[in-house]
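Notes follow once the structure below has been shown.
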């Protein structure tokens, strides 16, 4: 993924301490005074002070409706909103006009699926031809997808007569590309896949999938939720057509995320949610629509949250995503050592290569819920369940796993504490 | 005893390891019977439970399922508790167990009601953990639904 000649060093102990001091929640205790060990950042990240303060500051100083009004507050609110868009665009290697605010990544992926639907119903004119589906057209996903990048495509197929196909995964949870040409074919119109699995942490072979999609003229959709907070991501360099990511996983607020789209593709995409702010001329009979990104931003937007997302992106930029990635690469190497604990089996790659610090696992003889409960008693927060990826769990023959995931503020000491607590789980339940 | 030990009492761990009623049994042809499949969508735990009723007596409960120790133990304890009891007793036990699960770890003031629950009273500790209450109730939900489906409730 990152092949630079000079890898900048990871965070120093002092820098990491300073980072942690920026996150008020990390200072609290849980379950009778135990220090919190938060290993659930793949579900949602904690927020630095600058993000919290940015939202408060927006409401205290600049709150007004954006893109309308002739007063100073409206100008300042609009400026803050659009500056945030620019910051998010810079953060992922996009142009400003290529970032659409959405309520989150799920909403962004649904927006795309419904745009295809609307085009198929004849909306968007000749320009929307690329989004028009016919029965027998194929949409390709992978078995590793989060439900958010699977169910909207199932629904789109049901509405249009398109057929859903998918790549399987191998025993390490890697997308199996052994037979690309039989999965991505002349009938393929969309190739949608996650950049990084939220279960296995495996990084997808983006270049291969994009190349295969381009050979047949399919639209590529990248679910970048799990990559953007942890890796330097340059969407132009990745050359995907569309991408979705959420703020709350990248140190920003809930309720906001982004859809990235290459300019000409967004221009051609018909609107989905309609109403105020996304129009040009409205008569009683018909309406013409604003250019993107406003075309996709109907109604009052989540302005304070967007401002918070912009600040989160800047905060990460200033720290340096290459250094964040290096820090988390070290954490991933520490995390996969749980595979050495008797009775613990990692679901996904067992080594630290081409993966992020997201590790799902099962403990022989102990259900994931029970594992999570014993860890919680030590103040260690992990996720248990299917992590919104039931097909992937079915592939591995398990109903549920426990998952530990790190972020920029996670320390090696926390992961050591997690490993130690995990070592005692089987004994607690009297499993040999 | 820590909160964790209050939840995972030995009786619960024992039931989880050697559950009663596990393995679906065909009910006698002359009994009313019903079957229910319940899932906990947040964790994927599931249970398929069969009940048969002889007159107004719950004469057999059997189930198959997978899930955490709390859900498995609760289904096991429930099987032992309700088998051989009148439908009205079972409805009362169901109500008492739901009250216990809503008690936020405090248990029940009504000691007679708690006594009637037998081993099921050991689940008091579970009620301190809101995320786990559904685990303890999974088997009970399947019992209630299968009884309704059996037609024995009138």
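Structure values in brief
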{"item": "Principal-axis tilt of helix A:368-377 within chain A, Cα atoms, nearest 10 degrees", "result": "70"}
{"item": "Residue B:26-residue A:207 FRET efficiency (beta carbon distance; Förster radius 45 Å; 0.05 resolution)", "result": "0.20"}
{"item": "Sorted by Cβ neighbour density within 10 Å, fewest at the top, the residues B:112, A:223, B:86", "result": "B:112, B:86, A:223"}
{"item": "At R0 = 22 Å, FRET efficiency that the Cβ-Cβ distance of residue A:420 and residue A:31 yields, to 0.05", "result": "0.85"}
{"item": "Shape of the stretch A:378-432, Cα gyration tensor, a/c cut at 1.5", "result": "oblate"}
{"item": "Efficiency of FRET between residue A:129 and residue A:90 - r from beta-carbon atoms, R0 25 angstrom, step 0.05", "result": "0.20"}
{"item": "With Cα atoms, 0 to 90° folded angle of helix A:303-319 axis to chain A main axis", "result": "50"}
{"item": "Expected-Rg normalisation [2.2 N^0.38 Å, Cα atoms] applied to the stretch A:26-152", "result": "1.49"}
{"item": "Beta bridges per DSSP with both ends in chain A, % antiparallel, nearest 5", "result": "60"}
{"item": "Taking A:82, A:55 and counting other C-beta atoms within 10 Å, the order from fewest to most", "result": "A:82, A:55"}
{"item": "Kirkwood hydrodynamic radius of the stretch A:109-172, from inverse mean 1/r over distinct Cα pairs, in Å", "result": "12.3"}
{"item": "Surface/4 of the Cα convex hull for the protein assembly as shown, nm²", "result": "31.8"}
{"item": "Average other protein chain Cβ within 10 Å of Cβ, residues B:36-46", "result": "4"}
{"item": "Contour excess over end-to-end distance, with Cα ends at residue B:92 and residue B:128 and 0.36 nm allotted per residue", "result": "10.7 nm"}
{"item": "Label-point separation in nm, residue A:263 to residue B:99, each point 7 Å along Cα→Cβ", "result": "7.0"}
{"item": "q = 0.09, 0.14, 0.17 Å⁻¹, the stretch A:52-317: log10 I(q)/I(0) [Debye, one scatterer per Cα]", "result": "-0.40, -0.95, -1.32"}
{"item": "Nearest-ten-degree value, helix B:69-82 long axis tilted from longest Cα axis of chain B", "result": "50"}
{"item": "Rg [Å, one decimal], Dmax [Å, integer] - the stretch B:3-150, C-alpha atoms", "result": "14.3, 46"}
{"item": "Order of B:63, A:101 - criterion: other Cβ atoms within 10 Å of each residue's Cβ, fewest first", "result": "A:101, B:63"}
{"item": "Gap separating the Cα centres of the stretch A:397-414 and the stretch B:122-152, nearest whole Å", "result": "30"}
{"item": "Principal axis box of the stretch A:184-328, alpha-carbon based, largest edge first, Å", "result": "56, 44, 24"}
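None of the figures in this text is laboratory data; all of them are computed from the coordinates on show. Everything numeric here is computed off the predicted structure, so don't read it as measured data. Reconstructed Cβ throughout: ideal geometry from the backbone, glycine too, with neighbour counts over all protein chains shown.
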